[in-house]
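Undergrad: Below are the structure tokens for one structure; questions will follow.
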Amino acid sequence: MTPAPFNTLLQDPPPKADAFWMRAEDGVRLRAAHWAGDRSTGTVLLFPGRTEYLEKYNSLALDLNAAGLDVLSLDWRGQGLSDRLLSDPRPGHVAGFADYRRDVVELVVTADELDLPRPWHLLAHSMGGAIGLAALDAGLPVQSAVFSAPMWGLDLSRPVRLLAHLITGAAERLGLGHYPAWGSGGYEPFVLNQPFRGNLLTTDGARWGRLIAELASWPEIGIGGVSNHWLREALAECRRLGALSAPAQPTLVALGSEERIVSPDAIRSRLDSWPQAKLMLLPGARHEPLMERESIREPLVEAVIAHFLAPREAV
């Protein structure tokens, strides 16, 4: 592990995060960061969503630190400052969702090498929720889990899903799998191309403005829409996840009432067969409840911390 950059805006205090480079077993270089907690009561493995990067979660990591929890997170391959997988770094792309599991293995190895305090817990958002569910099924050594708007399905009607299969399949056959998928936003980051009003992520204007400032200040961390290949792989992975058995870990799932990116139906269907999981519905929240206005975010963060600190048998 060698030191890696961690960006700050001009008004930010010096970062508490210790950022460093890791290398997955297939050679892909990944950026990770560790935030040390104020006390040693456990460690949160934080799985970000698609397009996201370490700096976006600094505020949440500090909240978890204040509760005594260490935080370890990463930029997934193909985004943030981790290695991009195409000659054009702008589209979101991965060869297959199994490759994200390589990144998880490296994160767990690193947590062991750093001897991070146990028990460990999982906190996963959106695409990180798909990766996290697969990791739990593969034996991720965590005592409990929290999912925020997990991508266990995309919020597409059945005809649109079928159309997506047809279009992405045709794109692959024509050698266009690495081009941005139709309707996914093109080459530029979503928040730089969309007005705050009507955006699908958050109702908090200040946090939306922070996202714009970050991506404008650090353009190298941003990515645009998904590639045709990514979309095809994501749809296949969601189908695969739907057939998995329910994990044993006590789990909290946060879902905004205004969710329009991932499928609320897929989340509820998953929870119907998961007795260890409970749903926290957040009225008024959009896709990123952990980046929402304080009346939504604060109760959620409190619930997350309480869930992680509840006494349980260690894993």
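The values are calculated or read from the model by the stated rules, or taken from the named source; none is laboratory data. Here the structure is a predicted model, which means the values were calculated and not measured. We place every Cβ from the backbone using ideal geometry, glycine too, and count neighbours over all the protein chains shown.
Undergrad: How many residues does the range 158-210 contain that are among the β-branched types (Val, Ile, Thr) and within 19 Å of ILE221 (Cβ to Cβ)?
TA: Of the residues in that region, 2 qualify.
Undergrad: Can you pull out the residues in the range 280-302 that are of a type outside the set (D, E, K, R) and surrounded by 15 or more Cβ atoms within 10 Å (Cβ to Cβ)? Walk me through it before giving the result.
TA: Taking the range 280-302 and keeping what is of a type outside the set (D, E, K, R), we get 280-285, 287, 289-291, 295-296, 299-301.
MET280, LEU282, ALA285, HIS287, PRO289, LEU290, MET291, ILE296, LEU300, VAL301, listed by residue number.
Undergrad: Looking at (1) closer than 23 Å to LEU211 by Cα; (2) among the hydrophobic types (A, V, I, L, M, F, W, C); (3) in a loop (DSSP other than H, G, I, E, B), which one does LEU255 not meet, given that it meets all the others?
TA: (3)
Undergrad: So, one more: When the range 13-40 is examined, which residues are found to be buried (at least 16 other Cβ atoms within 10 Å of the Cβ), touching a residue at least 40 places away in the same chain (Cβ under 8 Å) and in a loop (DSSP other than H, G, I, E, B)?
TA: PRO15, ALA17, ALA24, VAL28, GLY37
Undergrad: Which numbered condition in (1) buried (at least 24 other Cβ atoms within 10 Å of the Cβ); (2) in a helix (DSSP H, G or I) is the only one that ALA124 fails?
TA: (2)
Undergrad: Can you tell which of ASN193, ASN199 is within 23 Å of SER257 (Cα to Cα) and polar (S, T, N, Q)?
TA: Unique residue meeting the criteria: ASN199.
Undergrad: Can you find a residue that is of a type in the set (Val, Ile, Thr), under 26 Å from GLU55 (Cβ atoms), touching a Ser or Thr at 6+ places or on another chain (Cβ under 8 Å) and crowded, with 21+ Cβ neighbours inside 10 Å anywhere in the range 197-206?
TA: Taking every residue of the range 197-206 in turn, none turns out to be of a type in the set (Val, Ile, Thr), under 26 Å from GLU55 (Cβ atoms), touching a Ser or Thr at 6+ places or on another chain (Cβ under 8 Å) and crowded, with 21+ Cβ neighbours inside 10 Å.
Undergrad: Determine which single condition ALA181 fails, assuming it passes every other condition in (1) modelled with pLDDT of 90 or more; (2) more than 23 Å from HIS93 (Cβ to Cβ); (3) of a type in the set (Gly, Ala, Ser).
TA: (2)
Undergrad: Sticking with this one: Could you list all residues from the range 45-78 that are touching a Gly at 6+ places or on another chain (Cβ under 9 Å) and either assigned to a loop (DSSP other than H, G, I, E, B) or among the β-branched types (Val, Ile, Thr) (or both)?
TA: PRO48, GLY49, ARG50, THR51, GLU52, TYR53, ALA67, GLY68, LEU69, VAL71, TRP76, GLY78
Undergrad: Out of (1) surrounded by 21 or more Cβ atoms within 10 Å (Cβ to Cβ); (2) polar (S, T, N, Q); (3) under 30 Å from ALA310 (Cα atoms), what's the single condition that is false for THR168?
TA: If we test THR168 against (1) surrounded by 21 or more Cβ atoms within 10 Å (Cβ to Cβ); (2) polar (S, T, N, Q); (3) under 30 Å from ALA310 (Cα atoms), just (3) comes out false.
Undergrad: Which of the residues spanning the range 209-231 are buried (at least 20 other Cβ atoms within 10 Å of the Cβ) and either farther than 19 Å from ASP88 by Cα or in contact with a strand residue (DSSP E or B) (Cβ under 9 Å, 6 or more places away or on another chain) (or both)?
TA: Within the range 209-231, LEU211, GLU214, ILE223, GLY224, GLY225, VAL226, SER227, ASN228, TRP230, LEU231 qualify.
Undergrad: So which residues in the range 248-275 are closer than 24 Å to ASN199 by Cβ and of a type in the set (Ser, Thr, Tyr)?
TA: Passing the criteria: SER257, SER263.
Undergrad: Can you tell me which residue among LEU81, LEU85, LEU156 is touching an Asp or Glu at 6+ places or on another chain (Cβ under 9 Å), within 19 Å of SER184 (Cβ to Cβ), not in a helix (DSSP H, G or I) and not polar (S, T, N, Q)?
TA: Every option except LEU85 fails the conditions.
Undergrad: LEU10 - would you say it is in a loop (DSSP other than H, G, I, E, B), of a type in the set (A, V, I, L, M) and surrounded by fewer than 17 Cβ atoms within 10 Å (Cβ to Cβ)?
TA: So LEU10 fits the description; yes.
Undergrad: Follow-up. Restricting to the range 130-150, name every residue that is hydrophobic (A, V, I, L, M, F, W, C), in contact (Cβ under 8 Å) with a residue 60 or more places away in the chain and more than 22 Å from ILE305 (Cα to Cα).
TA: ALA134
Undergrad: Spot the failing condition for ARG260; the list is (1) among the basic types (Lys, Arg); (2) in a loop (DSSP other than H, G, I, E, B); (3) surrounded by 15 or more Cβ atoms within 10 Å (Cβ to Cβ), and only one is missed.
TA: Of everything listed in (1) among the basic types (Lys, Arg); (2) in a loop (DSSP other than H, G, I, E, B); (3) surrounded by 15 or more Cβ atoms within 10 Å (Cβ to Cβ), ARG260 misses just condition (3).
Undergrad: Follow-up. Restricting to the range 103-121, name every residue that is among the aliphatic types (A, V, I, L, M) and either modelled with pLDDT under 95 or out of contact with any Leu (no Cβ under 8 Å at 6 or more places or on another chain) (or both).
TA: Of everything in the range 103-121, those that are among the aliphatic types (A, V, I, L, M) and either modelled with pLDDT under 95 or out of contact with any Leu (no Cβ under 8 Å at 6 or more places or on another chain) (or both) turn out to be VAL105, VAL109.
Undergrad: Another question about this same structure. Please report, ordered by residue number, the helices (runs of 4 or more DSSP H) entirely within the range 186-243 with at least 3 residues that are over 25 Å from LEU60 (Cβ atoms).
TA: 228-242
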